[in-house]
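Here's the structure, in structure tokens; my notes come after.
The values are calculated or read from the model by the stated rules, or taken from the named source; none is laboratory data. All figures in this text were calculated on a predicted structure; none of them were measured in a lab. As a convention, Cβ positions derive from the backbone with ideal geometry for all residues, glycine included, and neighbour counts pool all protein chains shown.
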């Protein structure tokens, strides 16, 4: 009797233990699922300026972030430096690609620094202190401003440098976007540094995307351009030598709000994969695919990332 009773008690105890063990399995699964919800990545607002290169760079960064689990709100094609930089400072966007020379001269109002590393370090330090913004690693592009004209026209007039415009550029028609005509590292300071002035009636303000068409069709003789623009080679244009080294270096890099980086530090690692990956010549090719071949900036950006094995 005692032996049977003891056996029964042990059996009941064993069943109870098994039931408790089974019952504890479900809460364990719930606890595992909770952290997944907590680490859900936020939406990142990626901006750009309105011209082709900016749209391509904006799309590259957006695709890389999406590839790594972020949702991206694209604000591609904002109108000019003033608008997009203000949007970054106010939090309307979280990041965009900027140029060191633009940051230094146009936004910070500081004197030109021609050494690329010194310029980058100075801009990054000032942005951190004044705006709580962080410059990430540079893409490899130096998209400096240039004045460019048809090569045969330049040869005909004997113009090879910006200094040559002092004596030979008085009657030339000049095409430019409105930003270059007013910004501190643009036409006003350039003409003063070199001592040439285009006649007021010969200065044509137009969208940056139209200046190349204007010089190609002889509506104007000389235009402001960008060193990485593919149409310079396509249209047989010649960049005039900046023989006084007026223009600062314009290295491109992502600029990100520090608040966003502190919450999502992996963004730096993701976007820094593009460090040194885009040469001036490569950027010319990418711009050409959009401006001449008619491809969409997003398609060009994605194909380039695929070629790098990043997408």
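The residues of the range 106-127 that are over 18 Å from the mean Cα position of the chain (by Cα) and in contact (Cβ under 8 Å) with a residue 24 or more places away in the chain, listed by number, are 109, 112, 113, 114, 115. Selection of the range 128-142 for residues being surrounded by fewer than 18 Cβ atoms within 10 Å (Cβ to Cβ), closer than 23 Å to residue 186 by Cβ and either in contact with a helix residue (DSSP H, G or I) (Cβ under 6 Å, 6 or more places away or on another chain) or without any contact (Cβ under 8 Å) to a residue 12 or more places away in the chain (or both) yields only 131.
Filtered by the rule that a residue be in contact with a strand residue (DSSP E or B) (Cβ under 8 Å, 6 or more places away or on another chain) and either within 22 Å of residue 158 (Cα to Cα) or assigned by TED's automatic domain parsing to the domain that holds residue 108 (or both), the range 191-210 gives 198, 202, 203. Identification of strands (runs of 3 or more DSSP E) wholly contained in the range 188-244 with 2 or more residues that are on the phi > 0 side of the Ramachandran plot yields no element. Just checking, which of 265, 254 is at pLDDT 95 or above and surrounded by 20 or more Cβ atoms within 10 Å (Cβ to Cβ)? After ruling out the rest, the residue left standing is 254. If you go through the range 124-180 one residue at a time, how many are closer than 30 Å to residue 58 by Cβ and in a helix (DSSP H, G or I)? Final tally of qualifying residues: 11.
Only a single criterion out of (1) surrounded by 19 or more Cβ atoms within 10 Å (Cβ to Cβ); (2) in contact (Cβ under 8 Å) with a residue 60 or more places away in the chain; (3) closer than 22 Å to residue 263 by Cβ; (4) in contact with a strand residue (DSSP E or B) (Cβ under 8 Å, 6 or more places away or on another chain) is not satisfied by residue 147, namely (3). Given the criteria in the same structural domain as residue 111 (by TED's automatic domain parsing), touching a strand residue (DSSP E or B) at 6+ places or on another chain (Cβ under 7 Å) and farther than 24 Å from residue 115 by Cβ, does residue 258 qualify? When the stated conditions are applied, residue 258 passes them.
Would you confirm whether or not the range 213-225 contains a residue that is closer than 28 Å to residue 82 by Cβ, in contact with a helix residue (DSSP H, G or I) (Cβ under 8 Å, 6 or more places away or on another chain), surrounded by 15 or more Cβ atoms within 10 Å (Cβ to Cβ) and modelled with pLDDT under 95? Among the residues of the range 213-225, at least one is closer than 28 Å to residue 82 by Cβ, in contact with a helix residue (DSSP H, G or I) (Cβ under 8 Å, 6 or more places away or on another chain), surrounded by 15 or more Cβ atoms within 10 Å (Cβ to Cβ) and modelled with pLDDT under 95, which makes the answer yes.
Taken residue by residue, the range 54-76 has no member that is surrounded by fewer than 18 Cβ atoms within 10 Å (Cβ to Cβ), out of contact with any strand residue (DSSP E or B) (no Cβ under 8 Å at 6 or more places or on another chain) and over 16 Å from residue 271 (Cβ atoms).
Of the helices (runs of 4 or more DSSP H) contained entirely in the range 248-307, those carrying at least 3 residues that are farther than 19 Å from residue 46 by Cβ and in contact (Cβ under 8 Å) with a residue 12 or more places away in the chain fall at 280-291.
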